[in-house]
Every structure is written in structure tokens, then in C-alpha cells.
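Single-structure report; data block below.
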Amino acid sequence: MKKANNREMADVLRPEYDLSKLKGGVRGKHMKQFKQGTNLVLLSAHGGKLSNYARDKFIAPFMSAFSSADIPDMSSYCDQSTHWVSNFVLNTMYRINIASPSRQYLFNYLRRAEAAFRQHDLARKATSEFLAGSRQSPSQYMMAIFHWEVFLSQAWHAYNLLRYFCSMDKLFERGQGSVEERLHRLYTQSKHTESVIKDGNFPKEATIAVWLTNDGLSSNDTQLSYQETADILKELSKWAMVLQDPGTIPEKLKAMQP
């Protein structure tokens, strides 16, 4: 009797792995990359923590140096910051009728201003939570980045809506480095990350377009301090308090004049 071939193995592949679906494979597709070698993620000698090199290269630029953040708490700066939209709705329903497109500009400015305040507070809390821990968690760090990116978005759109409502030509002069210009720069770098990567203009070795430092939000060519983020909210609040009641806008604008 012919002996069974010892090299033959029983089919123990689970049924959910359907090899018939593995089509279109290219032999040697990744061989060139494999021959170039691999990167080793360096762990520190104690506790299996990520090394500074690993954090900075594989999670976020300068993450290992990010150890503190003096972020102003703006949650109680204006007691109306969670009511601007509601106040506007009630005022335009019962007190004064305001024509379009002014009504749309004002409504959307106020909702963006509210959201900027809310996201700034969430960003501050998420950043503090990351710093209070081991400063190793990619998920905690990225949650903080997420809230900061939404803050940048809402703040910029609020400024831009105000520009259109006031018929302003532009919000800043290019190259002067104003807060508005740097806010816009960080926002656009974050918003267009995918196209920047596609075009080969993403910062070399970086994983994200905007990251956190001890001083504020940074990119490869722009920085916005934490105090400046608070100043942005103060400016948005000043205008929101004027615009939430369209019936009193003229007299409030007059009172703001020196």
C-alpha cells in the first residue's frame, strides 16, 4: 500500500477565508520595498513605552517635547455664548424682521461663534487629559487635535461670514502675520491635508498638518499661541453680542466707536 505523503496537510482554513476572492495578485509586488529593509519602532527600556523618536516620527511631530500647555479657560468668559443662536431666533421671530442675505450671514456667524467656543473648551479638556496621562496615547493626542481642528474651522468661518456681512474686501493683508492670517493658514493646511499629501507638499516625515507644542498650535510654517486662540474667541464674542439682536445693531455699533 502506498504511504500517504507526509507533506500533505489537512485543509484547516476556516470557511470565512474564501481564497477564491483573492484575485488580481501581482507576484513580487512588494519585493523591492521589502529588500530596502524595515523600520524598527524603538521602545524605551522601561515599561514598553514609546521612545521619543517613535512618538515624533510615527505619531506627531515634536510630540515627545509636548509636556505642558497654558490654555485659557474661556468656558465662562461670556454667559451668552451658548445662547447666541437662540437669542437671534427669538429676536427675529418676535421683534424685528431682517431681510436676506443679512439674516443668513448673521445666523451662520452666531452658530459658528457658538461652536468655536464649544470646541475650544473640548480641545482644552482633551489636551489637558493627554498631558495628565503618560503622554503616550495616540488616540488621546488625536482627539485633542480633532477638537483643535474643528475650532480652527468654526473660528475662520465665523470671521469670513462677518466679512461678508460687513462688505469687507478682505480680513488680512498677506505676509503681515496677523492672527487672522495665521488662523486661516492653519485651517487650510488642516482642511486640505489629502490634496497636500497627493501633491507631494506635505511636511517631510510629518504625520499630520497641525500639531501641538507647549506654546500653541503649529504647522511647518505657522504658529498660533494658546493665548491667541482665546483672543479669537474674545473677538467673536464681542461681535456676537452685537449681532444677536439685529434691532439694536446700529446703537451698539455707535457705542463701540471711540
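Give the residues of the stretch 224-258 whose amide nitrogen is closer than 19 Å to a point set 7 Å from the Cα of ILE96 in the direction of its Cβ.
Counting only backbone N, you get 237-257.
Are any of the pairs LYS32/LYS198; LYS125/LYS234; LYS125/LYS204; LYS29/LYS191 more than 26 Å apart by Cα-Cα distance, and if so, which?
LYS125/LYS204; LYS29/LYS191
Can you tell me the Rg and Dmax of the chain, counting just the alpha carbons, in angstroms?
Cα only, the chain: 26.3, 108 Å (Rg, Dmax).
Counting pairs of alpha carbon atoms under 8 Å apart in space and at least six apart in sequence, what relative contact order in percent does the stretch 115-258 give?
17
Could you tell me which helices of the chain pass both thresholds, a Cα extent of 24 Å or more along their own axis and a mean Kyte-Doolittle hydropathy of at least -1.0, with helices taken as whole DSSP H runs?
102-132, 138-165, 226-243
Given a Förster distance of 30 Å, report the FRET efficiency between SER178 and HIS83 from their Cβ-Cβ distance, rounded to the nearest 0.05.
About 0.50, to the nearest 0.05.
Could you grab the relative contact order for the chain? Cα pairs under 8 Å, six or more apart, rounded to a whole percent.
After rounding, I find 24 percent.
Loop-only check: which trypsin sites (Lys or Arg not before Pro) in the stretch 91-149 are DSSP coil with at most 16 other Cβ within 10 angstrom?
Passing sites in the stretch 91-149 are ARG95, ARG135.
Within the chain, what's the longest stretch lacking GluC sites (Glu not before Pro) that sit in DSSP loops with no more than 13 other Cβ atoms inside 10 Å?
Segment 17-172 is the longest.
Would you kindly state how much longer the chain becomes between THR248 and MET168 on full extension, computed as 0.36 nm times their sequence separation minus their alpha carbon distance, in nm to one decimal?
Stretched out fully, the THR248 to MET168 stretch lengthens by 26.7 nm.
Working out 0.36 nm times the residue gap between ASP70 and ASP231, then minus their Cα-Cα distance, what length gain in nm do you get to one decimal?
56.6 nm
Throughout, read-outs are computed from the coordinates displayed, never taken from laboratory work. None of these values were measured; they are calculated from a predicted model. Positions of Cβ are generated from backbone atoms using ideal geometry, with glycine treated the same way; all protein chains shown enter the neighbour counts.
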